[in-house]
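The values are calculated or read from the model by the stated rules, or taken from the named source; none is laboratory data. Please read these numbers as outputs of a predicted model, since none were measured by experiment. With ideal geometry, Cβ positions are generated from the backbone for all residues, glycine too; neighbour counts draw on all protein chains shown. The area values use the complete protein model at the heavy-atom level, side chains included, leaving out ligands, DNA and RNA. Shrake-Rupley method; radii C 1.70, N 1.55, O 1.52, S 1.80 Å.
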Number of protein chains: 4
Amino acid sequence: MTRLLHDIAHLGHAELLTPEPEKSLWFFAEVLGLTENGTSGDSVYLRTWDDYEHHSLKLTASATSGIGRTGLRAASEQALKRRVAEIERHGLGAGWQGGDLGIGLTYLFRDPDGHEFELYWETEWYQPTGELTPALKNQAQAYPGRGVSVRRLDHVNFLAAQSEPNGRFICSSLGGRVTEQIVLDDGTVSAQWTHFAQKTYDLVYMNDWTGRYGRLHHIAFATDTREDVLRAADICLDRQVFIETGPHKRAIQQTFFLYVYKPGGNRIELCNPCARLIFAPDWETITWSEAERAKGQAWGLKTIASFHTHGTPPAQ
Amino acid sequence: MTRLLHDIAHLGHAELLTPEPEKSLWFFAEVLGLTENGTSGDSVYLRTWDDYEHHSLKLTASATSGIGRTGLRAASEQALKRRVAEIERHGLGAGWQGGDLGIGLTYLFRDPDGHEFELYWETEWYQPTGELTPALKNQAQAYPGRGVSVRRLDHVNFLAAQSEPNGRFICSSLGGRVTEQIVLDDGTVSAQWTHFAQKTYDLVYMNDWTGRYGRLHHIAFATDTREDVLRAADICLDRQVFIETGPHKRAIQQTFFLYVYKPGGNRIELCNPCARLIFAPDWETITWSEAERAKGQAWGLKTIASFHTHGTPPAQ
Amino acid sequence: MTRLLHDIAHLGHAELLTPEPEKSLWFFAEVLGLTENGTSGDSVYLRTWDDYEHHSLKLTASATSGIGRTGLRAASEQALKRRVAEIERHGLGAGWQGGDLGIGLTYLFRDPDGHEFELYWETEWYQPTGELTPALKNQAQAYPGRGVSVRRLDHVNFLAAQSEPNGRFICSSLGGRVTEQIVLDDGTVSAQWTHFAQKTYDLVYMNDWTGRYGRLHHIAFATDTREDVLRAADICLDRQVFIETGPHKRAIQQTFFLYVYKPGGNRIELCNPCARLIFAPDWETITWSEAERAKGQAWGLKTIASFHTHGTPPAQ
Amino acid sequence: MTRLLHDIAHLGHAELLTPEPEKSLWFFAEVLGLTENGTSGDSVYLRTWDDYEHHSLKLTASATSGIGRTGLRAASEQALKRRVAEIERHGLGAGWQGGDLGIGLTYLFRDPDGHEFELYWETEWYQPTGELTPALKNQAQAYPGRGVSVRRLDHVNFLAAQSEPNGRFICSSLGGRVTEQIVLDDGTVSAQWTHFAQKTYDLVYMNDWTGRYGRLHHIAFATDTREDVLRAADICLDRQVFIETGPHKRAIQQTFFLYVYKPGGNRIELCNPCARLIFAPDWETITWSEAERAKGQAWGLKTIASFHTHGTPPAQ
């Protein structure tokens, strides 16, 4: 068992690159129900209604699709320093930088596969105004009631040339833990799900079938209920958003999921965990074999072929 | 048992009067998710996404609140003629008229309490265009994904000086049936729920505590799921729509309900019946006593006092 | 448009044949949550909690699987006589018989494909006792809270050498209507969904790929919510009931479905329609083409191959 | 802000005292769907299906109702020692003891109000056998499909002569944090909700209107969905389990709740948090005023009077 350090509080935000910025903005604002909260250069910042920080998503116009920088919030200023020291010990640090909208000093680094991250402590608590003000004071923002109305950015699922060194980095440098993984018959670790606290996963690595580095499998937004995921499928259907697979329940992590492609190509998951959390401090990594994975998802849906052929940016 | 004639196919639409037309339009379009479909004089027409006809609701600016004309669609042209003959035999007919947006020749009449109705056969099937076009050809309109996104106008609940003569009229003249009712200890029938086919109720009469005629208790829109009703409560809360009571499950008819007041004062119910329908052709009216009603709703919620003090237009 | 006669009130019950009577009884009682209500010869009678009659299902030990007799309740004694006359005019009647547990005089007949039916008016209203007594007087039986706890027998889906003559028979002899159908590019009607009132389908015919007569595709039980269907998948998974496909939403009829095989081989559907009903008295049959069907189910799930290879009794 | 120490991993189990042991066992096993897992002396041990440990609940026959010992699992052996040292520094320790079924060496202590606790590291991971074996290897036990089928013991809500010293003890000795609280106009802290990680609360203190010590307001079990809570209300209704209030959504913590009394008098909550978690490491305690509390629950339900008169054991 890996000891959870709790130095990383949570996934803060992700940056998506898109060659179709206008349609992507429509997708996040109108289909998923995020709220715009500022722009800067080629980027638009968007937030989910349950996000206490400035934004959950930075959408950046780009020549191609893929993931930009992933933000993690440290549990304290001391925790931030401890993690920076550890990252530098691994030689993966890229130095301090002046932050971004809503975020103070931030430390840049890359995982072994080259995905860009930032780690920060200073953050601006979101202050809603006008019709964005919620009725209940323990809620960050009024419920939008627009499209899927996702609650939060839930996890980032990276592609990596090799998953295992990245999962190991998340554990050793950031204090995370591998809750579930897939190990092929030849011993290859083909995917690892890692978490930082009670959520059962926050960052996921899957082996990239192309052998390339730094690509994205998907980012996921959580809804409050499974009914929200079912309704999301209706909404995507009527708005001609491509549905890749689902809704169904994953065997791994038991997440209720729907996968769609946003305009410009990135895969987006709408997910709901029911009340599932991991409480055991001595949780042993669950390992799934090839034979077990061949059974498909929890209720028998076969894993869709494009799950192993579609990543962003596209392989050439 | 009363024999169902099936000459009335279904509740078609209702007209609401409102002293606050702009805010009311906001409520129906943005909070409930109806779609505007035409205007005429002081009226705006709105439709739910599952309505195959032109509109579900006619919203008419008026000096006061309350219900205008309720539309019922006949099951055939012959059925229409049979019902008109019967209404005229009761002396409650008001004659034929040229119809309204989306509706052909229509026969006007009043129930014994004076509420205005129209009965019609000719109707215009809704033809969606553009982004209102649904992906599935067996659906009237694309799912709006805006606010509560109610599915259909479900029922109209009238106040009447005396319920029983009105329920009797629905049965004898229109071929309906009383599925449930409340009978007080002194023998007074204080409320009757009537239906025309498998839905368990379509038109309801409750005794008006003021003794006035022609008033409204509420109109109701059905959602697809109970989760939609729960979410409706969140949406109404954040948009400062007054929630009167619920969500909860009624003992009578077992409907899952939420009651709110729209701007201008009319009470609106959001309801979901789960999969409940009445199939028995020889269904015997269920009668609830005062003692049974005193137990409150299905799971114990006490019936709210304003249920017996708030009707529209307000009593002076 | 076919005129609905409303002479058939509803699907009453179905008889399933099973070579594994004990395991089948376990499946219906413990997994689906039906309640046993009598036995006779090789048959066990079971009821859903919302059934006002004696039973919803007659489970009969047999050398092979398949469907036995399907029961339809007439809307009145006169309606029964009218339908019998019409069936006899088609030469498909088999005469009156003394009934069955809970059912009085019943008229036996076969559809053109040879499936056995009974039509009856006299029925015994179920009287719950002890812990089967519900708290609410407008409910037939206490909610079981055991396994899936299905609400009602929803529909029977027959296989037939040719669907269309059977669908036509349901319309012309029984007063039903085809609400949706599939027509192949060569003009073959390959499936028809028929209904008797506001439920969107009650009896379905699909072409049997083996060309045999009298076989069954599946019978379906309705749940109150889609969440109940999702939970049913968990329950079937843990109890090793074979899940064929789903949960997902059908394009045709938009039903939320889960298909499983009960012990002994018959396919059983758990279904939920949300609040969908057909109200239009002049509903025009929706016709789906081969190209449209090739798109799969509503949210994109491909129709499973075994849907076109598994029927009961098995073809030899 | 209080720094979360993460030395307490989670609430492990609770012991309920009951003067009606047989009916209480029926309630937990048949109505809530827990699974018996051993007996010892006057106690029966029961577990929820998502519990990785031996049991979630110890049900002990007693002359009166109330709460016995509450078990907390430490995050590691070192964490256990650190917390014991801190508890002893507060003078509230009661020493080490040999454990209980499924639990190793355990440290006994009391909160300032006198409620008994145990803190432990050694625990026996549950090994399901036979039909209790789940289909998915990342699940502790097969889903029972019996009654409400609650997922986990969620929180314990104590009554205390004064809440605040107890909440302070949870923070200072156990490393928890107050996420929300009620402060009366005169400055009295009347209730505090405390948590140990991402769940928004684990242990709650409310002021006891009787001024007595060591009493219980309720213990709560979490369900996977809000639909499960709605269904729980149906199940309790039909099985004559007293429903005190709900289902509804709390303003504080936004929990969807149902409160019932189990046989023998203890209040039990069925709760669902949707996807709500607290991620912010610098979460500031939300304080609710008397005026805010007077608004009732989230959607307007008035807090039921018995919430302030019913605790266990009963006050004499």
Can you spot a residue in the range D:287-299 that is crowded, with 17+ Cβ neighbours inside 10 Å, of a type in the set (V, I, T) and touching a residue at least 40 places away in the same chain (Cβ under 8 Å)? no
Entirely in the range B:201-316, the strands (runs of 3 or more DSSP E) that have 1 or more residues that are away from chain C (no Cβ under 14 Å): B:203-207, B:216-222, B:242-249, B:256-261, B:267-272
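Working carefully through the options C:L72, C:L59, find the one that is more than 23 Å from B:P281 (Cβ to Cβ) and either in a loop (DSSP other than H, G, I, E, B) or open to solvent by less than 20 Å² (accessible area, probe 1.4 Å) (or both).
Going through C:L72, C:L59 in turn, the sole match is C:L59.
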For the range B:271-286 the number of residues that are of a type outside the set (F, W, Y), buried (at least 19 other Cβ atoms within 10 Å of the Cβ) and touching a residue at least 60 places away in the same chain (Cβ under 8 Å) is 6
B:A280 passes all but one of (1) at pLDDT below 95; (2) small (G, A, S); (3) over 28 Å from D:I304 (Cβ atoms); which number fails? (1)
Of the residues B:R239, B:R168, B:R177, which single one is at pLDDT 95 or above and over 28 Å from B:A79 (Cα atoms)? B:R239
Which members of the range D:165-200 meet the condition of being crowded, with 22+ Cβ neighbours inside 10 Å and assigned to a strand (DSSP E or B)? D:R177, D:V178, D:T179, D:E180, D:A191, D:Q192, D:W193, D:T194, D:H195
Go through (1) modelled with pLDDT of 95 or more; (2) open to solvent by less than 50 Å² (accessible area, probe 1.4 Å) for B:P19 and report which single condition fails. (2)
Go through A:Y201, A:Y213, A:Y205 for me and flag whichever is in contact (Cβ under 8 Å) with a residue 40 or more places away in the chain and touching a His at 6+ places or on another chain (Cβ under 8 Å). A:Y201
For residues in the range A:61-87 being more than 22 Å from A:G264 (Cα to Cα) and of a type in the set (A, V, I, L, M), which is farthest from the chain's Cα centre (by Cα)? A:A85
Please go through the range D:113-136 and give me each residue that is hydrophobic (A, V, I, L, M, F, W, C) and surrounded by fewer than 18 Cβ atoms within 10 Å (Cβ to Cβ), ordered by number. D:W125, D:L132, D:A135
Do you know which residues across the range C:133-167 are within 21 Å of the chain's Cα centre (by Cα) and of a type in the set (A, V, I, L, M)? C:A140, C:V148, C:V150, C:L153, C:V156, C:L159, C:A160, C:A161
Which of the residues that make up the range B:75-112 are within 30 Å of B:P128 (Cβ to Cβ), in contact (Cβ under 8 Å) with a residue 40 or more places away in the chain and crowded, with 17+ Cβ neighbours inside 10 Å? B:A75, B:S76, B:A79, B:L80, B:D100, B:G102, B:I103
Can you tell me which condition A:P112 does not meet? The list is (1) assigned to a loop (DSSP other than H, G, I, E, B); (2) touching a helix residue (DSSP H, G or I) at 6+ places or on another chain (Cβ under 8 Å); (3) within 14 Å of chain D (Cβ to nearest Cβ), and all the others hold. (3)
Would a scan of the range B:277-300 turn up a residue that is of a type in the set (V, I, T) and farther than 30 Å from C:S149 by Cα? no
Conditions (1) surrounded by 20 or more Cβ atoms within 10 Å (Cβ to Cβ); (2) under 26 Å from C:D51 (Cβ atoms): number failed by C:D208: (2)
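Just the residues that are β-branched (V, I, T) and farther than 24 Å from A:D228 by Cβ, please, taken from the range A:262-316.
Within the range A:262-316, A:T285, A:I286, A:T287, A:T309, A:T312 qualify.
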Single residue of A:G38, A:G104 found to be within 21 Å of A:T18 (Cβ to Cβ), more than 20 Å from the chain's Cα centre (by Cα) and at pLDDT 95 or above: A:G38
If we keep just the residues of the range B:130-181 that are away from chain A (no Cβ under 14 Å) and β-branched (V, I, T), which is nearest to B:L57 (Cα to Cα)? B:V156
Select from the range B:238-259 the residues that are open to solvent by 10 Å² or more (accessible area, probe 1.4 Å) and out of contact with any strand residue (DSSP E or B) (no Cβ under 7 Å at 6 or more places or on another chain) and list them in ascending order. B:D238, B:R239, B:Q240, B:Q254
So, in the range A:227-237, of the ones that are open to solvent by 10 Å² or more (accessible area, probe 1.4 Å) and touching a residue at least 12 places away in the same chain (Cβ under 8 Å), which residue ends up farthest from the chain's Cα centre (by Cα)? A:R231
Among residues of the range C:39-56 being open to solvent by less than 20 Å² (accessible area, probe 1.4 Å) and outside any loop (DSSP other than H, G, I, E, B), the residue nearest to B:F196 (Cα to Cα) is C:R47
Evaluate the range D:137-146: report whether one residue or more is surrounded by 17 or more Cβ atoms within 10 Å (Cβ to Cβ), part of a loop (DSSP other than H, G, I, E, B) and on the phi > 0 side of the Ramachandran plot. yes
